[in-house]
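Worksheet for the structure shown next.
Computed from the coordinates by the stated procedures, all read-outs in this text should not be read as laboratory data. Not measured: the values here are computed from a predicted model. Backbone-built Cβ (ideal geometry, glycine too); neighbour counts: all protein chains shown.
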Amino acid sequence: MPEGHTIHRAARDQTRWIAGETLAISSPQGRFAEQAGQIDGRRLDTVEAYGKHLLYRFENAPTLHVHLGLFGRFTHHKVPAREPRGAVRVRFSGSRFILDLNGPNACELLEPPQIAHLLGRIGPDPLRADADPERAYRRIAKSKAPIGLLIMDQAVMAGVGNIYRTEILWRQRLHPETPGAALSRQAFDALWADAKDLLALGVKSNMIVTVDLERGRAAKTKYRERTNIFAHECCPSCAGAIRRFEMAARRAFVCETCQPPV
DNA sequence: TTGATTGTTACCGG
DNA sequence: TCCGGTAACAATCA
């Protein structure tokens, strides 16, 4: 489910719902119980997103790091609390909202050196105002690895996942197997700008939208109508067949007419 | 019950 | 060092 837009959206919403409050933090499933004890009853200062990572900064307590992975989800509802559904790893209970976290890849307390290490190993995030695209460009320009792997490599650029990878490369008319070093500076700049625009639209829409839609129409469309070639059979531009293949064990799609191999 | 899934990490061989 | 392949893990749904 989650790519970078989901994470930034969660940070934005959760800041509104529970930041600044003193929270009751529990672990209904029990697997996080010991750590939950360390942040239970603390005030949540900020919720920040870095690529696909979330950091919950508490007053006088370690920072909670969450990564949703492939299956992680947040659910929220208004108080009073209802029964946890499924394997709830951690529950945040605020004065107005209850937030449950299920299935995260990472859910752990970190001290400042560990946070520095985490932030040091992820690349610039197009959704962040402090992102430095030069760092991504330098990595791509000197790499022979395919651009389809590079833009999904969180150490190169943070936030893009399999769907945005597919859609951005189609929009930029770049074949996923093009070596990074073969991209011109202009092509990189356009790719970065497109990633930024699409991720920002994703945060605003709370869904992945990579096609042009009338304003406010996104909610009325079906999942498949919001993407160009991801999980599609035909190219919306040339009507040719979409080729499916695998890249790093993830499904990949390409229109080899619109995205000619280099 | 099986398979698939919008992710990451560790490890290994070339 | 870099790159590509593999396995393991996470939870839910069709």
Any chance you could get the radius of gyration and Dmax over the Cα atoms of segment A:74-180, in Å? 18.7, 55
Contour excess over end-to-end distance, with Cα ends at A:A193 and A:V79 and 0.36 nm allotted per residue: 37.0 nm
Summing +1 per Lys or Arg and -1 per Asp or Glu among the other residues with Cβ less than 15 Å from A:P176's Cβ gives +2
Just tell me which aspartates and glutamates come within less than 13 Å, Cα to Cα, of A:K78; anything on the same chain fewer than 8 places away is out. A:D100
Take chain A, connect every pair of alpha-carbon atoms lying under 10 Å apart with a spring to form a Gaussian network, then pick out the residue of A:A249, A:A193, A:A231 with the largest mean-square fluctuation. A:A249
Please report, in debye to the nearest 20, how large the charge dipole of chain A is about its Cα centre when each Lys and Arg carries +1 at its beta carbon and each Asp and Glu carries -1 there. 500
Using the number of other C-beta atoms within 10 angstrom as an exposure proxy, rank A:E21, A:E111 with the fewest first. A:E111, A:E21
Shape of segment A:1-69, Cα gyration tensor, a/c cut at 1.5: oblate
I'm checking a number: the convex hull volume of the Cα atoms of segment A:36-84, normalised per residue, in Å³. What is it? 114
Let me know the charge dipole size of segment A:51-128 about its Cα centre in debye, to the nearest 20, where only the beta-carbon of Lys, Arg (+1) and Asp, Glu (-1) is charged. 300
Helical mean residue ellipticity (222 nm; -39500 (n - 2.57) per DSSP H run of 4+; nearest 500) of chain A: -8500 deg cm²/dmol
Over segment A:122-257, consider all pairs of different Cα atoms and compute the Kirkwood hydrodynamic radius from their mean reciprocal separation; express it in Å, one decimal. 15.2
Of A:M157, A:L191, A:V254, which is farthest on the positive side of the dipole of chain A, counting Cα position, with +1 on Lys and Arg Cβ, -1 on Asp and Glu Cβ, and the Cα centre as origin? A:V254
When chain A is treated as a GNM, springs tying every alpha-carbon pair under 10 Å, which of A:L110, A:L68, A:L174 comes out with the largest mean-square fluctuation? A:L110
Considering only A:R165, A:R250, A:R16, give the residue with the highest GNM mean-square fluctuation for chain A, with springs between Cα atoms whenever their separation is below 10 Å. A:R250
Classify segment A:1-40 from the C-alpha gyration tensor, please: rounded if a/c falls under 1.5, else prolate or oblate depending on whether a/b exceeds b/c. oblate
Set of aspartates and glutamates near A:K142 by C-alpha distance (under 16 Å), chain-local residues within fewer than 8 positions excluded: A:E134, A:D153, A:E177, A:D189
Would you please report the Å³ per residue occupied by the convex hull of the alpha carbon atoms in segment A:132-182? 68
Near A:K222, which aspartates and glutamates are there with a Cα under 20 Å away, not counting those fewer than 8 places off in the same chain? A:E3, A:E167, A:D212, A:E214, A:E233
For segment A:41-137, just list the percent of Cα-Cα distances falling in each 10 Å bin from zero outward, please. 14, 41, 33, 11, 2
What Rg and what Dmax come out for chain A when only alpha-carbon atoms are used, in angstroms? 19.8, 58
Per q in 0.12, 0.21, 0.23 1/Å, what log10 I(q)/I(0) does a Debye calculation on the alpha-carbon atoms of segment A:177-262 return? -0.45, -1.25, -1.32
